[in-house]
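The values are calculated or read from the model by the stated rules, or taken from the named source; none is laboratory data. Everything numeric in this text was worked out from a predicted model, so none of it was measured. All Cβ positions, even for glycine, are placed from backbone atoms using ideal geometry, and neighbour counts span all protein chains on display.
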Amino acid sequence: MPKPIESLPNIGPELAIQLNKVGITNAEELVRLGAMTAWRRLVRAGLRGEVNSLLALEGAIEGIRWHEIPLERRQELKQLAVSYSQGN
């Protein structure tokens, strides 16, 4: 049985509902897709857009709170989010 997405760190009820709306219904699916792909789906659906959401997804996949993501990786994700939002 698939692990509920809400069982992951950083995934509260609101984010879980939004992920379900874009077809990500369990933890395994989120891990398979990766944080960036999941975040892009949320952005395209108009449900999320802030960098913190991307960090939350990355932390969820890694099994840690977002603020425990190494600084270098956080900076890399922030840059990817900015680049994506600018259409690059």
- [ ] Find all pairs meeting these conditions: Cβ atoms under 8 angstrom apart; at least six residues apart or on different chains; first residue within segment 1-15 and at negative phi; second residue surrounded by 10 or more Cβ atoms within 10 Å (Cβ to Cβ) and of a type in the set (S, T, N, Q).
- [x] Pro2/Thr25; Pro2/Asn26; Lys3/Asn26; Pro4/Asn26; Ile5/Asn20; Ile5/Thr25; Ile5/Asn26; Leu15/Ser53
- [ ] For segment 32-78, enumerate the residues that are modelled with pLDDT under 95 and acidic (Asp, Glu).
- [x] Glu50
- [ ] Determine if segment 7-14 includes at least one residue that is in a helix (DSSP H, G or I) and surrounded by 13 or more Cβ atoms within 10 Å (Cβ to Cβ).
- [x] no
